[in-house]
Amino acid sequence: MQSDCIFCKIIQKELPADFLFENENLVVFRDINPKAPVHQLIVPRQHLRSINDITISDGQILTEMIFTAQKMAVKLKIDRSGYKLLFNVEKGGGQVIFHLHLHLLGGWK
Ligand code: 5GP
Ligand code: ZN
């Protein structure tokens, strides 16, 4: 938990969010400003700043994030039509929340 981190506060339920899934390792909630008909954020409970900060020991959580995205896509029936998975990395890469998260985007006609 990092006290000035919005996503840590959402995970701790100190700030509201539209939760779609959670388990002991990660949470999934709706993006507040969706850039696609489906826009969910897959967020590890552990505070990691960005992809720059991960090491091989974080492999398990990264794998779980991707599998969770796959399951959410099936649940939403966008798996066959297709979707995007996106990590923005640091300011130049468009990252504005510095708590690692995977965007699941899809649902276009
Ligand atoms: P980034 O640009 O850091 O990869 O993505 C951050 C995402 O978090 C953005 O798409 C933004 O709309 C979303 N976001 C920012 N603040 C909040 C919030 O308080 N609640 C929710 N649900 N999403 C947020
Ligand atoms: Zn955080």
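Read-outs: derived from the displayed coordinates by stated rules, not from any lab. Keep in mind that what you see is a predicted model, and the values were worked out from it rather than measured. Cβ atoms come from the backbone with ideal geometry, glycine included; neighbour counts cover every protein chain shown.
The angle between the Cα long axis of helix 59-75 and the longest principal axis of the Cα atoms of the chain comes to about 30 degrees, rounded to the nearest 10.
The alpha carbon centroids of the range 73-101 and the range 1-39 are separated by 13 Å. Computed with the Debye formula from one identical point scatterer per Cα of the chain, without solvent, the log10 of I(q)/I(0) at q = 0.23, 0.24 Å⁻¹ comes to -1.43, -1.52.
Highest mean first, what order results for 51-62, 94-105 on Cβ atoms within 10 Å? Intermediate values should be presented prior to the final figure.
Details: 51-62: 12.0, 94-105: 19.1.
So the order, starting with the most tightly packed, is 94-105, 51-62.
Explain nothing, just the number: relative contact order of the range 70-109, from Cα pairs under 8 Å at least 6 residues apart, as a whole percent.
Computed value for the range 70-109: 43 percent relative contact order.
When the trypsin sites (Lys or Arg not before Pro) in the range 24-105 are filtered for DSSP coil states and for at most 12 other beta-carbon atoms within 10 Å of their beta-carbon, the remaining sites are Lys35, Lys77, Arg80.
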